[in-house]
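Notes follow the structure.
Taken together, the values in this text are just the output of simple stated rules run on the coordinates, not laboratory data. Just so we're clear, the structure is a prediction, and the values are computed from it rather than from any experiment. No Cβ is skipped: glycine too gets one built from the backbone with ideal geometry, and neighbour counts run over all protein chains shown.
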Amino acid sequence: MGASRFGSLARFDVLVLTALLWFLAKFLRYAFPPLFEPLQSTYGVSNATIGAAFTTFMLAYAAMQFPSGALADQIGSVRVIVGGALLAVVGALALVVESPFPVLVAAMIVIGAGTGAHKTVAVRLLSRTYPSRTGRALGVLDTIGTFGGVVAPPTVVLALGVAGPFGGAGWRYVFLAAGLFGIGLVLAFVRQAPRRVPERGSVTVERIRIRPYLTAFADHRFSLFVVVTLCYSFSYNGVVAFLPLYLTSEVGLGVATAGVLYSALFAASVAQLATGEASDRVGRLPITALALGLSGAAIAFLSIGLPTLAGLPAAAGVVVVAIGLGAHGFRPVRSAYLVALLPPSLTGGGLGVVRTLLMGAGAVSPAVVGLLADAIGFRLAFALLAASMLAGSALVCLLWLTE
């Protein structure tokens with residue numbers, strides 16, 4: 001009965017399972033920022049140190065983008081996605097027991113590497129499995145994945161109030177549950193994906209060469225759009241890393257309220273369904289310019305205006321949702337635009353190169369924001385993030401006007 005019911009959704013089984021694995025990856029990533037304050041208290045580390053720890057996570061994530069994509073071009077997407085998911089599960093389960101701070105950082109690196117193997121390869125897989133509906137499929141992927149960020153903060157907050165496994169902190173239950181959930185998803189994906197994915201990867205791995213993947217950068221429009229993604233990634237990752245702490249320390253909100261608003265940032269990811277569809281109808285560049293402009297303006301207000309409205313969670317909520325609508329709305333449009341510019345034989349590695357660059361920019365952002373926050377304050381640090389996002393919107397307008 002259960003098998004026949006699942007079979008009736010055969011057209012969407014790969015999409016759903018791929019998106020759920022992306023949900024798990026996002027959940028693991030965004031379980032850490034709400035833990036910054038408890039971890040600072042437990043381990044006695046500064047904003048800069050905890051920001052640097054999260055940067056190591058993001059650097060490991062970024063480092064996997066090109067090799068995972070290029071490897072998928074050789075051996076197929078399914079094998080790479082499964083390997084990355086299993087690595088992330090190992091990292092999550094390593095956090096179940098109490099450990100020193102270096103072990104925590106090591107586990108974060110393992111999780112970063114495992115989750116880093118997913119998105120680039122998932123875009124490649126879905127664009128081939130659903131070629132006539134790539135924009136819509138990527139919108140679903142990003143929307144379901146982003147809800148990992150919706151679920152993670154309240155889950156962590158609730159877990160902090162209970163005794164953890166083996167005498168540790170309650171948040172360790174979060175990683176135990178995530179690891180077990182990941183094992184179940186991998187088993188389902190291994191069963192279903194090979195039946196539906198129209199590719200036959202080799203079982204042997206040849207030497208990965210980056211040169212063929214760099215030819216796309218000869219197109220100045222492609223290169224300029226990559227700069228746009230770097231501006232976006234630097235800004236967005238800085239915001240998501242420190243938003244809960246910013247809302248408590250600068251806006252004067254309580255920890256629970258800040259956690260709820262942090263979830264709202266990710267709940268706004270439903271915009272991806274609309275922007276992915278709209279980009280197929282009215283064009284990708286105008287939607288991109290609008291999305292980045294909205295998010296950049298909201299971050300600017302968060303830096304300049306919102307701290308003067310301290311204690312007003314409704315006003316903070318409107319601004320946070322605006323950031324989320326623009327930032328998340330950009331994602332499926334970005335992926336569809338890049339896929340359209342890349343040759344089919346180089347899609348995986350080409351996207352991997354771009355995502356390595358953008359995730360590298362995103363990886364350094366938490367460390368930069370942490371250092372600036374300690375040196376000159378959070379408000380000026382967030383002003384820099386706003387400027388980066390608005391610069392990306394301006395560059396997209398330039399591309400749009402010169403089409």
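What the table below lists for this structure:
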quantity: Helical mean residue ellipticity (222 nm; -39500 (n - 2.57) per DSSP H run of 4+; nearest 500) of the chain; calculated: -26500 deg cm²/dmol
quantity: Top of Ser335, Ser249, Ser41 by mean-square fluctuation, Gaussian network on the chain, Cα under 10 Å; calculated: Ser41
quantity: Residue-count net charge about Asn47 - beta-carbon cut-off 13 Å; Lys, Arg +1, Asp, Glu -1; calculated: -3
quantity: Charge tally in the Cβ shell below 11 Å around Ile81, where Lys, Arg are +1 and Asp, Glu are -1, Ile81 excluded; calculated: +3
quantity: Phe181 paired with Phe12, simple spin-label distance in nm, labels 7 Å along Cα-to-beta-carbon; calculated: 2.0
quantity: Computed label-point distance, nm, for sites Asp219 and Glu403 using a 7 Å Cα→Cβ extension; calculated: 1.4
quantity: Sites Tyr43 and Ala394 - FRET efficiency at Förster radius 35 Å, r taken between beta-carbons, to 0.05; calculated: 0.30
quantity: Note, ³J(HN,Hα) from phi for the stretch 66-73, Karplus 6.51, -1.76, 1.60, rounded to Hz, x at Gly and Pro; calculated: 5, x, 5, x, 5, 5, 5, 4
quantity: For the stretch 277-403, fraction of C-alpha pairs farther apart than 25 Å, in %; calculated: 34
quantity: Cβ crowding within 10 Å averaged over residues, with 370-382, 279-291 ranked highest first; calculated: 279-291, 370-382
quantity: Cubic angstrom per residue, convex hull over Cα atoms of the chain; calculated: 138
quantity: Percentage, to the nearest whole number, of Cα pairs in the stretch 232-344 over 20 Å apart; calculated: 41
quantity: Surface/4 estimate of mean projected area, convex hull on alpha-carbon atoms of the stretch 212-273, nm²; calculated: 6.0
